[in-house]
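I have placed the structure first, in the form of structure tokens, so that the comments after it can refer back to it.
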Amino acid sequence: MNKNIALIDKDLTLYSALLEQDNLYASNYFWKNFESYELFCHLSRTKPFDLVILNESTLNVEQLAPDHTIFLNSSICPIIILSNSNESKFTDPQYAQSTYFKIVQKPFRIMTLLSRMGELFENQGISTIQNLRIGPFLLKPFEKVLIGNYEEKLNLTDIEVKILRILSANGNGFVKKEILMEEVWGIKNSLDTHTLETHIYRLRKKLRTQFEKHLVIKSKTGAYAIDYKKREI
């Protein structure tokens, strides 16, 4: 199902990057950019949105509904606040507990923002995660399964799905451990990568058992990449 996403930000840089991301991965998001919260409110009276992303500088706490959501045409819409610093106006613990509300601190990566969007939709019982091709393999994130070209299936954990999605989005290129830690667990600037390394070890073992050497996670100092080859009959 297609989702209408409102982005409220004077700077069009993020809007352009999100459109480019959509062109690459053919997502089911339709984006509309607004330079101000007032312009957004005017259009939202006639056009409902499924999610709103706001630059913190365009909104204040008083403009949020009591249950920390924005009401559009009498329906509740999840929101993401793009925060410029740790001194966000939206630090009340009640915001963190809301299933309709998330804060993404600048600077951030596009994949981080898309992950937070997916989490909000999942909180509402809506799956927006697309199936993903990894060479001859098919990753079905919502079903948490990886299917080989012989139709054999490998069950995955939520963490393993996230790791495979991030690695595959980078093609055959290496992804730094720090980026994986941030994208999977939301941890920035962590020197402790033991948890990640443990999950990678277990995932490698599962891939090797099910697909032998036809889908592997490669490594070099401080980074991982995914590689594959089609099995011949």
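Bear in mind that the values in this text are calculations on the coordinates, not laboratory data. The structure presented is a predicted model; accordingly, all values stated were derived computationally and were not measured.
Descriptive notes on the structure:
- Length gained when the stretch Ile187-Thr157 is fully extended (0.36 nm per residue, less Cα-Cα span): 8.9 nm
- Proximity of backbone amide H atoms, modeled 1.01 Å from N, is registered between Ala223 and Lys177 at under 5 Å, excluding neighbours fewer than 5 places apart on the same chain.
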